[in-house]
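Here is the structure we will look at, set down as structure tokens.
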Amino acid sequence: MSTTIDSLLHENRHFPPSAEFSANAIAKPEIYDEARADRLAFWATQARELHWHTPFTEVLDWSNAPFARWFGDGEINVAYNCLDRHVIAGHGDRVALHFEGEPGDTRSITYAELTSEVKKAANMLASLGVKQGDRVAIYMPVIPETVVAMLACARLGAIHSVIFGGFSAESLRSRIVDAGATVVITADGGYRKGSVFALKPAVDEAVAGIETVEHVVVVKRGGNEVVWNERDIWWHDAIAPMNDDHVAQGFESENPLFILYTSGTTGAPKGILHTSGGYLTQAAFTHRNVFDLHPETDVYWCTADVGWITGHSYVAYGPLANGATQVLYEGTPDFPEPGRWWDIIEKYKVSIFYTAPTAIRSFMKMGREIPQARDLSSLRVLGSVGEPINPEAWMWYREVIGGNTCPIVDTWWQTETGAIMIAAMPGITNTKPGSAQVPIPGITIDVVTEEGTHVGPEAGGLLVVSEPWPSMLRGIWGDPDRYKDTYWDKFGDKYFAGDGAHLDADGDVWLLGRVDDVMNVSGHRLSTMEIESALVSNHHVAEAAVIGASDETTGQAVVAFVILKRRAKEELGHADAIKELRAHVAKEIGAIARPRDIYLVEELPKTRSGKIMRRLLRDIAEGREIGDTSTLTDINVVTQIDNQVP
Ligand code: PRX
């Protein structure tokens, strides 16, 4: 852990915001004092920025820790806060979404139009029997209907579970089953890299034989041929007869809003559960303050897919709760040519841009001439999320994209935290390349030793959140014990985030990555276990070990060490085996999990108790000297593998 940090610590540059930026900033330095003086009163003030059908009197109830209740006696409708409220305030004509399809089709949708669409969709879902507490699975491309579907669920008090469109039928199926979804909303297909990728066939495969699924609602987007089943309905047919009268009812603050599945260290994905009032409070607060959103003038763009938590909090809920105008882009960054993103920024005069380090690094590789050929002068704030941003990429982002003037906010948070937890405030903080810096006002974090004591300045340890926060997960769907074990067992009263971190002499936080067997590929968490089980589910495979090895572009890349069954070795050529296994993982989990490298090995390094020593495999894959092998059963295994890896 300390080696990573040493190199980062040579980073002495820092960049204060301009006086002009600070003067106009939403967040002023007093905000920290206010939050420190009375943390709960501070969050209550933020929550009161929202519309409550019934105002709350209670702020936090932590008596049943680690199960929090925030604003527990209040009633709220999340969709009303994202829609009707703005129309009533006279902002109905403001554009909510500038949708840009990958083929170049565009739609600008105002708050009044979006409100009306969501009301119709809510009526449609209600007509299909969806009511408070029901689960609706959403498996879609990034198109306006995805956001409409989420908000329609929220409006009815139903729980959505958005599954990233890149996941396979198998992954989709396990998530539908786990949540007990009654309705699935999907599209025929969407656009990616210039062609249509089909979604409907994966849904057909996923729901086959699942009795709980009553309806599959299909948005027409790709125009690709689809097989039609009895429970399928076209979205446009179902919505056409609906009217746009729908009165939003208040639901209790702790009414579940969504489940979002994320990877853990063991087997099945975890259904992270988020609820309404606290979640929306922190999503909206952070979106407004961390990005310095001036909703009347800013055009905001977050490039995340709606299928990830970033898309939930910073495409759907945060921006819409704040009445922001935002860009929603369907496709890949480099289609039809490498400058597509920068064209979009120029076209819509994007002023706040939020993306991931992996994207920044891939643009760095393509060369600065590409963005420099566009007018990016509308930009004023840049954000980063998903993994540590290395100082070199940070500086490139600042110079080439931000024209040396835009503050960069590196935002640390997780699916579980629901909203940003650590980030600079663009009008206050002197930003440092590579550091996520400070907890946002109202959040208390610490870096501690294995025993739970504070590490002090200039030391590394485990990142914890020491007090409950409004947008925290409320549990793991259907598995309260796993929630307690995973996040609270280690330190009892502190939430353990699973990340290592270092505090510098100023007390700023530098993230060091995951300390568990979870890797981070292009800003997405993947569990080594899940990929291992996918590999082992192939009939040729006897055993597999998967690690995340550092990768210049994606942060970490999936590397697999596989032992084939004897028969497979005889039947399959080396290249064929690797090809088949890569395809198999893509089919089982999704293309994002497809291993960059697969090594076919004879044995795996194990401890005497039979645990695979992934640490040694990581050393090998990253070309490092092999670390401590004292607990290893047989050193020859490692030498053999090492000889195989270039
Ligand atoms: O390891 C941290 C890394 O991403 C993990 C959370 O992943 P996920 O739940 O998929 O959410 C990603 C988007 C919020 C964290 O435990 N991570 C996220 N943001 C940062 C980060 N690591 C360093 N710096 C960040 N800004």
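Is it the case, given these coordinates, that LYS490 is more than 14 Å from the ligand (Cβ to nearest atom), in contact with a strand residue (DSSP E or B) (Cβ under 8 Å, 6 or more places away or on another chain) and open to solvent by 10 Å² or more (accessible area, probe 1.4 Å)?
Details: more than 14 Å from the ligand (Cβ to nearest atom): yes; in contact with a strand residue (DSSP E or B) (Cβ under 8 Å, 6 or more places away or on another chain): yes; open to solvent by 10 Å² or more (accessible area, probe 1.4 Å): yes.
So LYS490 passes the test.
What are the residues in region 432-449 that are farther than 11 Å from TRP469 by Cβ, within 14 Å of the ligand (Cβ to nearest atom) and either acidic (Asp, Glu) or in a loop (DSSP other than H, G, I, E, B) (or both), if any?
Matches in region 432-449: LYS432, PRO433, GLY434, SER435, ALA436, VAL438.
Would you check if ILE360 is more than 15 Å from the ligand (Cβ to nearest atom), open to solvent by less than 10 Å² (accessible area, probe 1.4 Å) and not in a loop (DSSP other than H, G, I, E, B)?
no
What do you reckon, is ALA544 in a strand (DSSP E or B), within 16 Å of the ligand (Cβ to nearest atom) and surrounded by 21 or more Cβ atoms within 10 Å (Cβ to Cβ)?
No.
Can you name every residue in region 378-411 that is open to solvent by 20 Å² or more (accessible area, probe 1.4 Å) and out of contact with any helix residue (DSSP H, G or I) (no Cβ under 9 Å at 6 or more places or on another chain)?
Residues satisfying the conditions are MET395, ARG398, GLU399, GLY403.
Could you grab me the full set of residues in region 568-591 that are assigned to a helix (DSSP H, G or I) and open to solvent by less than 40 Å² (accessible area, probe 1.4 Å)? Please lay out each step first, then the result.
The initial filter retains those residues of region 568-591 that are assigned to a helix (DSSP H, G or I), namely 568-571, 574-588, 591.
ALA568, ALA577, ILE578, LEU581, HIS584, VAL585, ALA586 - these are the residues of region 568-591 that are assigned to a helix (DSSP H, G or I) and open to solvent by less than 40 Å² (accessible area, probe 1.4 Å).
Can you say whether VAL509 is within 14 Å of the ligand (Cβ to nearest atom), of a type in the set (Val, Ile, Thr), touching a strand residue (DSSP E or B) at 6+ places or on another chain (Cβ under 6 Å) and open to solvent by less than 40 Å² (accessible area, probe 1.4 Å), as far as the supplied structure shows?
On the way: within 14 Å of the ligand (Cβ to nearest atom): yes; of a type in the set (Val, Ile, Thr): yes; touching a strand residue (DSSP E or B) at 6+ places or on another chain (Cβ under 6 Å): yes; open to solvent by less than 40 Å² (accessible area, probe 1.4 Å): yes.
Criteria met by VAL509.
Can you name the condition, by its number, that SER174 falls short on among (1) assigned to a loop (DSSP other than H, G, I, E, B); (2) open to solvent by 40 Å² or more (accessible area, probe 1.4 Å)?
With (1) assigned to a loop (DSSP other than H, G, I, E, B); (2) open to solvent by 40 Å² or more (accessible area, probe 1.4 Å) applied to SER174, the lone miss is (1).
Per-residue answers, yes or no, for (1) open to solvent by 50 Å² or more (accessible area, probe 1.4 Å); (2) closer than 30 Å to PHE71 by Cβ; (3) without any contact (Cβ under 8 Å) to a residue 12 or more places away in the chain:
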{"residue": "ALA187", "(1), (2), (3)": "no, no, no"}
{"residue": "VAL219", "(1), (2), (3)": "no, no, no"}
{"residue": "GLY223", "(1), (2), (3)": "yes, no, no"}
{"residue": "TRP235", "(1), (2), (3)": "no, no, no"}
{"residue": "ALA238", "(1), (2), (3)": "no, no, no"}
{"residue": "ASP245", "(1), (2), (3)": "yes, yes, no"}
{"residue": "GLU252", "(1), (2), (3)": "yes, yes, no"}
{"residue": "LEU257", "(1), (2), (3)": "no, yes, no"}
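Can you pull out the helices (runs of 4 or more DSSP H) entirely within region 1-98 that have at least 1 residues that are modelled with pLDDT of 95 or more? Reasoning before the result, please.
Numbers: elements: 2-9, 19-24, 30-37, 39-47, 78-82.
Ranges flagged: 19-24, 30-37, 39-47, 78-82.
The values are calculated or read from the model by the stated rules, or taken from the named source; none is laboratory data. What you see is a predicted model, and the numbers here were worked out from it, not measured in a lab. A quick note on method: Cβ atoms are made from the backbone with ideal geometry, for glycine too, and the neighbour counts reach across all protein chains shown. SASA here: full protein model, heavy atoms, side chains in, ligands and nucleic acids out. Shrake-Rupley method; radii C 1.70, N 1.55, O 1.52, S 1.80 Å.
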